[in-house]
1. Select, from Gly374, Gly360, the only residue that is surrounded by 21 or more Cβ atoms within 10 Å (Cβ to Cβ), more than 19 Å from the chain's Cα centre (by Cα) and of a type outside the set (Ser, Thr, Tyr).
2. Of the numbered conditions (1) modelled with pLDDT of 85 or more; (2) buried (at least 16 other Cβ atoms within 10 Å of the Cβ); (3) closer than 26 Å to Val131 by Cα, Thr268 fails exactly one; give the number of that condition.
3. Among the residues that make up the range 8-20, is at least one of them in a loop (DSSP other than H, G, I, E, B), at pLDDT below 95 and touching a helix residue (DSSP H, G or I) at 6+ places or on another chain (Cβ under 8 Å)?
4. Give Pro297, Pro262 a once-over and let me know the one that is outside any helix (DSSP H, G or I) and either more than 25 Å from the chain's Cα centre (by Cα) or free of Cβ contacts under 8 Å to residues at least 60 places away in the same chain (or both).
5. Within the group Ala368, Ala315, which residue is more than 17 Å from the chain's Cα centre (by Cα) and crowded, with 20+ Cβ neighbours inside 10 Å?
6. How many residues are in a helix (DSSP H, G or I) and either touching a residue at least 40 places away in the same chain (Cβ under 8 Å) or closer than 30 Å to Trp389 by Cα (or both) when one looks only at the range 329-366?
7. Considering the range 91-107 alone, what residues qualify as being hydrophobic (A, V, I, L, M, F, W, C) and either at positive phi or buried (at least 24 other Cβ atoms within 10 Å of the Cβ) (or both)?
8. Starting from residues that are assigned to a helix (DSSP H, G or I) and without any contact (Cβ under 8 Å) to a residue 60 or more places away in the chain, keep the ones in the range 139-156 and report whichever is nearest to the chain's Cα centre (by Cα).
Amino acid sequence: MSRTDPRTWPWWLQALAVYAAARAFSAVVLVVVASHQAATGWTGAAPGYAEYTGLMWDASWYRQIAEGGYPTTLPVGADGVVQQNAWAFFPLYPVLVGALMHLTGGSWAVVAPTVSLLLGAGAVLLVHRTVVAGAPRAVAARPGLPLATVLLVSVFPTSVVLQVGYTESLALLLVAASLLAVVTRRYGWACLAVLALGFTRAVALPMAVVVLVHAVVRWREWRAAGDRPPARDLVGLGALAVTAVVSGFAWIGVVGWATGVPDAYLQTQEAWRGERTTAPFAGWAYVPQFWFGSAAPWVVLAAAAFVAVCLLAPATWRLGRELHAWSAAYLLYLAAAVEPGSSLARFLVLAFPLAAATAGVVARPRWARRAWTGAVVVVMLALQVVWVWQIWRLVPPSGWPP
């Protein structure tokens with residue numbers, strides 16, 4: 001075969017090529033949609049690519065943190081209720097971008113999307129390796145599964161956030177790094193990745209479930225072999241479990257300490273809610289009613305059934321225990337902590353093992369496997385166009401797309 005044949009390329013080059021092609025498609029979509037964007041508080045009408053990817057929506061909050069830090073006190077309205085503020089956003093990504101802005105002299109609108117794009121490239125490489133190491137049975141059943149997973153993650157309807165001034169690229173990289181370190185039993189590296197994850201996004205707690213499942217798997221292996229658990233592994237697993245729990249609550253503690261208000265983070269989160277509550281699963285009680293009225297219970301039931309099917313499908317069970325545990329724990333965590341809406345769709349990018357499960361639904365013959373993957377890619381790309389047009393594009397004066 002010729003060197004120009006992608007099948008002869010090393011795995012990492014194939015993964016990066018897939019990612020680059022997907023991001024090029026998303027860039028075209030963003031540019032086209034931007035040409036139809038009216039003036040907003042963040043950009044003028046028909047903004048350029050850098051402005052559209054670096055300043056829209058939450059990117060402006062991260063920019064504020066990178067350039068001016070966090071407020072010393074919680075902003076409170078005339079009614080005494082905490083208002084939306086920067087403490088809702090985790091610090092690692094804006095601090096990283098801010099440091100690079102200082103080193104390069106570049107603006108936020110240029111540096112932030114570039115950093116996200118590069119972090120996303122690193123993330124898909126780790127996603128590839130995680131599927132190889134963490135789902136050997138699934139890879140055996142479906143050759144090419146790691147690259148197919150990279151493909152589906154890269155074209156996911158909300159994967160456009162991997163090239164804007166958001167934290168998804170960094171979070172995806174750290175989630176994949178954490179899972180890869182766990183399944184390869186490098187617990188020290190896993191502790192570092194999980195700790196960093198706790199200051200990137202509020203998704204460290206589900207990783208504690210992965211650690212627990214991994215510990216149970218290891219314990220069964222030791223018992224089956226009649227071996228005594230190595231002290232080093234026991235210490236590593238214990239440290240990792242503690243790190244995951246601490247990491248899950250660390251930012252809440254930091255915000256409380258910095259503002260002098262113990263529940264400052266939760267009060268800040270409430271400012272973004274349709275109803276001022278952070279009670280688990282509360283959003284599923286009122287958001288579906290707003291959109292679907294009396295049909296809301298059926299919509300919620302259908303959503304729960306869809307998730308159950310995804311997690312119980314044979315292709316999902318073929319994933320390694322840790323990847324399956326992450327998918328289940330993360331989806332349950334999202335349902336408990338996030339209101340159903342556009343952000344929820346964006347957060348699903350981090351559930352990348354489900355991309356492996358989707359690609360593995362059809363294992364043989366080869367033509368059927370390729371046809372299935374191609375059909376999924378086409379649907380995802382079409383939905384990406386819809387998502388960017390309907391969600392990323394801000395339609396004044398209401399502030400939300402119709």
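The values are calculated or read from the model by the stated rules, or taken from the named source; none is laboratory data. Note that the coordinates shown come from a computational prediction; the quantities given were computed from them, not determined experimentally. A quick note on method: Cβ atoms are made from the backbone with ideal geometry, for glycine too, and the neighbour counts reach across all protein chains shown.
1. Numbers: Gly374 fails: surrounded by 21 or more Cβ atoms within 10 Å (Cβ to Cβ).
The unique qualifying residue is Gly360.
2. Among (1) modelled with pLDDT of 85 or more; (2) buried (at least 16 other Cβ atoms within 10 Å of the Cβ); (3) closer than 26 Å to Val131 by Cα, Thr268 violates only (3).
3. Yes, there is a match, as at least one residue in the range 8-20 is in a loop (DSSP other than H, G, I, E, B), at pLDDT below 95 and touching a helix residue (DSSP H, G or I) at 6+ places or on another chain (Cβ under 8 Å).
4. Values: Pro297 fails: outside any helix (DSSP H, G or I).
Pro262 is the lone residue from the list that is outside any helix (DSSP H, G or I) and either more than 25 Å from the chain's Cα centre (by Cα) or free of Cβ contacts under 8 Å to residues at least 60 places away in the same chain (or both).
5. On the way: Ala368 fails: crowded, with 20+ Cβ neighbours inside 10 Å.
That would be Ala315, the only listed residue that is more than 17 Å from the chain's Cα centre (by Cα) and crowded, with 20+ Cβ neighbours inside 10 Å.
6. Taking the range 329-366 and keeping what is in a helix (DSSP H, G or I), we get 329-337, 342-350, 353-359, 366.
So of that shortlist, the ones also either touching a residue at least 40 places away in the same chain (Cβ under 8 Å) or closer than 30 Å to Trp389 by Cα (or both) come out as 329-337, 342-350, 353-359.
The total comes to 25.
7. Step one: filter the range 91-107 for residues hydrophobic (A, V, I, L, M, F, W, C), giving 92, 95-97, 99-101, 103.
Selection gives Val97 alone.
8. Taking the range 139-156 and keeping what is assigned to a helix (DSSP H, G or I), we get 139-141, 145-155.
Filter once more, so that each one left must be without any contact (Cβ under 8 Å) to a residue 60 or more places away in the chain: 139-140.
Working: Val139: 23, Ala140: 27 Å.
Result: Val139.
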